[in-house]
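We did not get these values from a lab; they are worked out from the coordinates using the rules stated. Computed from a predicted model, the values in this text were never measured in an experiment. Here the Cβ is made from the backbone with ideal geometry for all residues, glycine too, and neighbour counts use every protein chain on show.
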Amino acid sequence: MLTTNLKKPSYNNIVSDSKTGDDKNKERPIDDEELISSVGKNIRAIRKSQMKTISEIAEVSGISSKYLQSVEVGKRNISITNLNKIAKTLNVPISVFFSYDHIEKTKKLLCIANKLKNYSIIQLSNIDTIIKDLNDITD
């Protein structure tokens, strides 16, 4: 009889390399309600960042607007199939819906976008140059 040495899978490799040793970034168990709420918030944040309505996403993904709205506010659990449909519609990997950092980044980007919307093309071009220069400095 042949025996093989099977290694226990290492799930720690799946966790993002961007995490640090800080306590606030350590993986911890999450309860069901918190997970459902977090996924819904991520869907909403991504949808809003793409300036799309619930109706638009629901129509393209083939799910009801009412259902999507209740998912976004954390009132309904969403199936993996429907989550995948929304991910395809938003053109994002399904994994972003499970990211906690993504919510905060999206909120900050939306805040910045709101501040920049009244700037002229020249001002925006100058801001873009500053960002590129900052990236060069930090790289």
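Values for this structure:
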| quantity | calculated |
| --- | --- |
| Cα pair count fraction exceeding 20 Å, expressed as % - region 65-125 | 45 percent |
| Environment charge at LYS75 (Cβ cut-off 11 Å; Lys +1, Arg +1, Asp -1, Glu -1) | 0 |
| For region 29-139: Kirkwood Rh in Å [reciprocal of mean 1/r, alpha carbons] | 15.5 Å |
